Amino acid sequence: MFKNDNDIEVAGLIASSLAYGSVKIIISVLNKIFAAIDSSPADFIKNDNPEKYDVLNGLYHRFNNSDDIKTLLWTAGRIREQYGNLEQ
C-alpha cells in the first residue's frame, strides 16, 4: 500500500496498535483510517494542527474511539518530530 519508509513506519504503528479482534474488521478500520488521512500517514502526523484530526471523527475499533486514534497519531507525530522516526 505504502512505498515510502516513513509512511510504512507510521502505517505499521497504526496497524499494530489496532491488531486485535476480527481480521476482517481490522482491515476495514485500517482502510477507513488510511482513506481519511490521505496518501501519506507520515505527512499527516507532521503538523500539530488539531483541526486536521477531525477527519477521524466517528471512527472506532472495538473499545478504541476516534479520540484514542487521534491521540495515537498525534503522539506518533510528536515522537517523530523529536527523534526523527519512531524507531529511535
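The values are calculated or read from the model by the stated rules, or taken from the named source; none is laboratory data. As the structure is a computational prediction, the values presented were derived from the model and not from experiment. For neighbour counting, all protein chains shown are included, and Cβ atoms are generated from backbone atoms with ideal geometry for every residue, glycine included. Note: areas computed on protein heavy atoms with side chains; ligands, DNA, RNA excluded. Shrake-Rupley method; radii C 1.70, N 1.55, O 1.52, S 1.80 Å.
Points to keep in mind about this one:
- The residues in the range 7-40 that are assigned to a helix (DSSP H, G or I) and out of contact with any Pro (no Cβ under 8 Å at 6 or more places or on another chain) can be counted, and the count is 20.
- Single unsatisfied condition, LYS46 versus (1) touching a Lys or Arg at 6+ places or on another chain (Cβ under 8 Å); (2) assigned to a helix (DSSP H, G or I); (3) open to solvent by 20 Å² or more (accessible area, probe 1.4 Å): (2)
- Of the set (1) aromatic (Phe, Trp, Tyr); (2) within 13 Å of ILE14 (Cβ to Cβ); (3) surrounded by fewer than 12 Cβ atoms within 10 Å (Cβ to Cβ), all apply to TRP74 but (3).
- Within the range 3-24, not a single residue is in contact with a helix residue (DSSP H, G or I) (Cβ under 8 Å, 6 or more places away or on another chain), of a type in the set (D, E, K, R) and open to solvent by 70 Å² or more (accessible area, probe 1.4 Å).
- Filter result for PHE63 (open to solvent by 50 Å² or more (accessible area, probe 1.4 Å) and among the aromatic types (Phe, Trp, Tyr)): yes
- Scan of the range 52-71 for residues that are on the phi > 0 side of the Ramachandran plot and not basic (Lys, Arg), ordered by number: GLY58
- Scan of the range 16-51 for residues that are farther than 12 Å from ILE69 by Cβ, small (Gly, Ala, Ser) and in contact with a Leu (Cβ under 7 Å, 6 or more places away or on another chain), ordered by number: none
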